[in-house]
Each structure stands twice: as structure tokens, then as C-alpha cells.
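A short reminder: the numbers here are calculations on the coordinates, not readings from a lab. These figures come from a predicted structure and were not determined experimentally. Backbone-built Cβ (ideal geometry, glycine too); neighbour counts: all protein chains shown.
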Amino acid sequence: MQSTYLIEDTLVVQGGDSYIVYSPFSGKIARVFSFPEKGTEIFLSLHESGFFNALPESTRKDDIETWRGFRSLTLLVTRSCNLACIYCYAAAKKSGRTMSLNLALQSLKWFAEQFKGNTIRISFHGGGEPTLEFALIQEVVKEAYYLAQKSSKKTRFQIVTNGTASIGIFDWFIDNNFGISISADGPAFIQNRNRPFVNGKGSSEIVEKNIRYLVSRNYPFTIRLTFSSIDDIREIVRYFGNLGVKSLHVEPLFPHGREYKRVIFGKESEKEVYSPDGKEFVTSFFKAMGVAREFGIRITNSHIGHLTKGLGYFCGSASGRSMIVTDEGFISGCLEVVDDQDSDFEMFQLGGFSSEKNTFVVNEAALARFQNRHSSILLPCKNCFARYVCSGGCAVKAVRVSGNFMGRDLPYCIFTKMLIPAIVKKIARLSGV
């Protein structure tokens with residue numbers, strides 16, 4: 001029996017003989033003792049108090065005819081990596097391909113010319129370890145400063161790294177006000193098992209040293225943790241808390257990548273380090289939240305981060321808002337589809353650089369297909385109370401599991417449906433409602 005509802009912008013969660021009414025966008029919360037059916041006196045009273053307003057603009061569906069261009073640029077600068085993570089979606093290698101400086105600068109130039117916003121946002125991401133191409137990153141940043149100054153815009157940079165770079169490189173990121181996200185999985189026995197160097201040696205020592213350094217500089221950064229149910233999430237959070245980490249982003253291990261050839265969740269997996277199913281993950285996440293509170297750590301994940309924003313698409317690339325350029329010049333619809341060797345490459349290619357035309361060409365038909373993967377259209381999602389939190393989940397994960405581009409990321413669907421009502425109840429309890 002359904003116990004959670006979405007009415008306009010407001011969640012209604014049944015709790016015993018009462019209903020918690022919560023708008024994540026205004027932050028308003030109340031408790032009533034009858035269901036606020038539209039048109040009833042209690043509904044109208046709550047509406048006057050600031051509930052049941054129109055959904056925010058961020059939930060709207062995009063349309064190719066009114067598309068305003070890409071709003072951020074992500075460069076997948078290399079397929080090389082110095083780690084051999086067991087779950088690497090890109091299966092990066094010690095000596096993989098690298099994006100040419102010319103392509104990187106062409107990508108930036110084309111993006112900046114079509115960009116209509118006030119802040120040029122550039123992220124350097126995987127497919128490999130981006131800091132291995134530090135000189136290229138420096139040149140792109142230098143050019144971005146120039147283009148921004150010429151057009152009276154601001155800049156914002158982001159790096160997603162495995163945390164093994166030198167202190168000097170981290171100093172440069174700090175000097176240039178980079179947002180820093182370090183992928184790390186916990187204490188040495190977990191980190192070294194999941195994320196060893198390509199020569200088999202453990203990476204924990206150097207990653208921990210760099211985390212301690214950033215903490216000593218009092219510079220904000222986030223740890224991006226990939227979690228397997230074989231591990232104790234409380235031990236992991238305590239480890240990072242004792243290092244001084246204040247921001248933790250937790251995602252479940254997804255069984256597709258270097259050592260995972262079959263997408264199987266839970267204990268049925270043939271792998272010892274297995275992916276949690278939805279119920280396992282929600283239980284672990286609540287445990288993590290409890291420990292995080294002890295250390296003053298802000299803990300989130302992709303879906304929880306959407307709760308107070310309201311999004312019709314799971315991510316920017318899923319709607320054509322983020323331009324992701326691979327090392328070969330393709331525009332990818334997902335960070336995890338990094339080259340044409342991926343079996344789902346054709347489904348996720350949104351265009352690319354044409355050497356013949358010396359410019360980028362967007363495949364508008366492919367872009368329109370992505371824009372139609374909206375929570376108001378996806379059949380399993382369009383009437384779900386969590387549709388503007390989950391938005392169907394990650395498209396590529398849905399495809400990896402079912403082969404259906406318009407399907408759901410099912411484990412995350414279960415996780416979100418369990419977690420959102422529980423969070424609303426917790427907010428009510430902490431608010432004294």
C-alpha cells in the first residue's frame with residue numbers, strides 16, 4: 001500500500017495515524033492528521049502556508065528546438081591510469097591514449113563560443129587518471145582564463161582524481177581554486193584491495209598522505225567512496241573522519257568493469273567484493289549517516305543530492321546540458337562511456353569533432369532521444385513520488401542491466417524509494433514536528 005506521495009512540489013509521508021508534509025525546495029515541514037487531498041480545507045490551508053507550489057524550473061523537460069547549448073565542459077583527457085581498480089568502468093591501462101592539446105583547446109573554444117552563461121565550468125575527469133596529463137590541464141586552464149577575461153565571464157574548475165598526484169600538483173589546484181574530488185575507498189586493506197597501483201602495490205599510503213595534506217591546508221574537498229557490502233561502512237566513515245575529511249560522497253559498487261563481466265547484485269555475485277542491492281545499500285547508508293554526524297561530515301550520494309534541487313534528469317549529460325569530450329573527440333552522453341570500444345558506444349554518442357569541418361558537430365536526433373529520457377516520460381517513473389530525485393537513475397547503468405535505454409537503474413530505484421520517506425521522517429523528528 002502506498003504511503004508516500006508527491007503533490008506538486010510537496011512530499012506527503014504517512015507515519016502512523018498522521019501525515020508529514022514536506023517541501024524539499026522551501027524547507028517547510030508540517031504534520032497533519034488527515035490526508036491533504038487537493039481541494040480540501042486542509043490542502044488549501046497548507047497551500048496558503050507555502051506548501052503544494054509549482055515544481056521548480058529545474059524539473060522541466062528540455063526540447064531540442066529550444067535547446068540552449070551545453071552549460072559545462074568535461075574533458076576525458078586520457079585513457080592511461082597508474083591504478084588498476086577492480087571495478088573500473090573504463091578498464092583504463094598503464095599506457096592508454098591521451099587527448100591532444102589541440103583537441104582539448106578546440107573543445108574549449110567551441111564550448112565557449114556556444115556558451116550563454118556567466119561562468120565557464122570545466123571538469124577534468126576519468127577514462128583514466130587526469131593528473132597524468134597535468135601539463136595539458138594547465139594549458140586548458142590558461143586558455144580558459146583568457147577566454148573568460150575576453151568575454152567578461154568567470155571560471156570554475158573541477159578535478160576528479162585518484163589522489164596519487166604530487167603535493168605540487170595539489171598546490172596548483174588549490175592556487176587555481178579547483179573543486180577537488182578524490183576517489184578513495186577507506187582503510188588500507190580496502191583501498192589496496194580495490195584500488196591498487198598497476199604494479200600490484202597498494203595505493204593507500206600516498207592517497208592518505210595527500211588527504212592529510214589537503215586537511216592541513218584547510219582546503220575543501222570531497223572523498224568519492226565506492227562501497228561494497230563486504231565491508232563495514234561505519235569503519236570506513238570513521239577512518240575518513242579521523243583523517244579530518246568533512247565531505248563524503250558514497251556510491252554503491254556497480255558490477256561492470258575490469259573484473260566484473262556479469263551485472264549481478266548482492267550475494268548472488270560470483271565476486272567476493274560484491275555490489276549491494278538496494279535494501280543492503282539503504283541499511284548501510286543510514287549507518288554511515290550516523291557515524292558521519294559524530295565527525296561533522298557532510299555525507300551524500302547522487303540521489304540524495306537531488307532531493308532539495310528537484311531534477312527531471314539524472315545528470316547533466318543525460319539532457320545535453322553537459323558536454324563530455326572523450327580523448328578521441330567524441331561527445332559522450334555518459335562519463336562511463338569513454339570510447340568506441342564500449343559495447344554501448346553508439347547509443348551514447350551525441351556527436352563529435354569533425355576534422356573535415358574543423359569543428360564539433362552535434363547529433364540532434366541522439367540529443368533529442370536523451371532529452372526524452374525525462375522522469376515525466378519514463379513509464380516506471382512518471383507517477384513515482386521520487387521521480388524528481390531519482391529521475392530513472394543512471395541511463396548507462398539501466399542499459400548495462402536490462403539493455404533498455406528507457407529503463408530504470410533498479411537497485412538505485414529501490415534505494416531511493418526506501419530512503420526518501422525515512423529522511424523525511426528524520427527531518428520531522430529533528431524539527432520537533
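Structure above, values below:
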{"item": "Antiparallel content of DSSP bridges confined to the chain, in %, to 5", "result": "45"}
{"item": "Flagged links, alpha-carbon separation over 23 Å, of Lys397/Lys425; Lys93/Lys142; Lys61/Lys357; Lys287/Lys425; Lys109/Lys142", "result": "Lys397/Lys425; Lys93/Lys142; Lys61/Lys357"}
{"item": "Unpaired by the 4.7 Å Cβ criterion, cysteines found in the chain", "result": "Cys81, Cys315, Cys334, Cys381, Cys384, Cys390, Cys394, Cys413"}
{"item": "Nitroxide proxy distance, nm - points 7 Å out along Cα→Cβ at Lys93 and Ser34", "result": "7.0"}
{"item": "Additional length obtainable on full extension of the chain from Lys287 to Gln341, 0.36 nm per residue less Cα span", "result": "15.6 nm"}
{"item": "Computed E for Leu44/Thr359 - FRET, C-beta separation, R0 41 angstrom, nearest 0.05", "result": "0.15"}
{"item": "Burial order of peptide ranges 341-351, 155-165 (average beta-carbon count within 10 Å, highest first)", "result": "155-165, 341-351"}
{"item": "Contact order relative to length of the chain, as percent, for alpha carbon pairs under 8 angstrom and 6 or more apart", "result": "17"}
{"item": "Efficiency of FRET from Cβ geometry, Glu294 and Arg68, R₀ 56 Å, rounded to 0.05", "result": "0.80"}
{"item": "Tilt relative to the chain, helix 410-431 - C-alpha long axis, 0 to 90 degrees, to 10", "result": "60"}
{"item": "Spin-label zone in the stretch 124-140 - amide nitrogen under 13 Å from a point set 7 Å from the Cα of Leu105 along the C-beta vector", "result": "136-140"}
{"item": "Crossing angle, helix 204-216 versus the chain [Cα axis fit, 0-90 degrees, rounded to tens]", "result": "70"}
{"item": "Near-label residues of the stretch 101-123 by backbone N, under 12 Å of a point 7 Å along Cα→Cβ of Arg60", "result": "none"}
